[in-house]
Amino acid sequence: MPLRAVQPSPMDAPAPSTLAARLQVLTTLSPDRLAALLSGDPARAAPWVQAAAEAGLPEGQVRFGRMLLEGAGVPKDETAAYGWFLLAASAGDAEGQNMAGRCFENGWGVPADPTKAALWFAAAAEQGHAWARYNLGHLYLDGLGVAKDQDKAYTLYRLAADAGHSRAMSLVGRCFEEGWGVAADPVAARAWYRRSAEGGYFRGQYNLATLLLADGEAVEAATWFERALAAAPPAARIAMQDRLAPKS
């Protein structure tokens with residue numbers, strides 16, 4: 001049986017030197033190969049991602065915007081990142097809308113403006129974007145850019161959590177613990193924290209451990225505290241360690 005020739009990947013060779021040549025290659029790729037190319041190592045993927053962005057592909061615009069925002073594979077440029085997110089957002093891309101909202105929420109490349117952040121998050125949330133629902137929930141919970149509304153915050157967190165968003169699961173648990181937008185229910189809070197913890201979110205793990213410890217289940221609590229500390233970013237880890245340190 002003759003061996004089939006293996007189609008070389010564009011990532012196996014240097015990208016063509018001109019934008020036009022890169023665009024020509026991109027038009028020949030299947031959706032799967034295009035997705036693999038755009039999600040590869042940032043340094044090698046950058047010319048291809050830029051070409052996809054220049055070609056008007058929303059996934060390329062969002063990916064290139066993220067690279068510019070983080071300085072991954074390209075020099076960091078928050079203003080340019082926002083410009084690419086805005087292009088994708090204006091074309092109706094939910095991820096672009098969510099990232100445009102994040103820029104206005106955090107002042108990345110544009111002056112911080114929670115009202116505009118809420119508008120972009122709402123546009124993406126209407127398309128079922130879980131992260132946008134989670135982000136918009138924060139604004140309603142704190143009354144930033146929108147009127148404070150714990151009921152709406154809970155509803156948004158719950159929609160995101162039901163879609164498998166582990167961070168939103170932790171916030172649903174917090175809503176049940178504190179009675180934010182829903183009747184306080186410690187049993188439901190613990191169940192949602194557990195779902196978040198099992199999904200790998202460090203705050204869900206920490207919150208679950210806290211409730212377990214309060215209920216006298218110290219052994220399991222210690223396991224979740226350890227997992228939370230291992231998964232948390234440095235600043236959060238230090239804060240957790242301070243809370244867990246014995247008080248003199």
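The values are calculated or read from the model by the stated rules, or taken from the named source; none is laboratory data. Predicted model only: the values in this text are computed from it and were never measured. Cβ coordinates were reconstructed from backbone atoms using ideal geometry, including for glycine residues, and neighbour counts include every protein chain displayed. Surface areas here come from the heavy atoms of the whole protein model, side chains and all, with no ligands, DNA or RNA. Shrake-Rupley method; radii C 1.70, N 1.55, O 1.52, S 1.80 Å.
Over all pairs of different C-alpha atoms in segment 195-248, the reciprocal of the mean inverse distance, the Kirkwood hydrodynamic radius, equals 11.0 Å.
Over the chain, accessible surface divided per residue gives 52 Å², non-protein components excluded, 1.4 Å probe. Largest GNM mean-square fluctuation across E220, E178, E54, computed for the chain with C-alpha springs under 10 Å, falls on E220.
Pop out the carbon and sulfur fraction of the accessible area of the chain as a percent, whole number, probe 1.4 Å. Carbon with sulfur: 56 percent of the solvent-accessible area. How high is the FRET efficiency between A222 and A43 when r is their beta carbon distance and R₀ equals 41 Å, given to the nearest 0.05? It comes to 0.50.
If you take the alpha carbon atoms of the chain and fit the smallest convex hull around them, that volume is 188 Å³ per residue.
At a Förster radius of 30 Å, what calculated FRET efficiency corresponds to the Cβ-Cβ distance of A230 and A163, to the nearest 0.05? It comes out at approximately 0.70. Model label sites at D185 and T79, defined 7 Å from Cα along the beta-carbon direction, differ in position by 5.1 nm.
What FRET efficiency comes out for L244 versus D113 if R0 is 45 angstrom and r is the Cβ-Cβ distance? Round to the nearest 0.05. Working from the Cβ atoms, E equals 0.75.
Note on K152: aspartates and glutamates with a C-alpha under 19 Å away, same-chain residues under 8 apart excluded, are E105, E126, D142, D162, E177, E178, D185.
Length available on full extension from S30 to A72: 0.36 nm per residue minus the Cα-Cα distance, which gives 12.6 nm. Averaged over residues, the count of other Cβ atoms within 10 Å places the peptides 156-163, 67-74, 211-218 in the sequence 156-163, 67-74, 211-218, highest first.
Seen from every direction in turn and averaged, the convex hull around the alpha carbons of segment 76-162 projects onto 5.1 nm².
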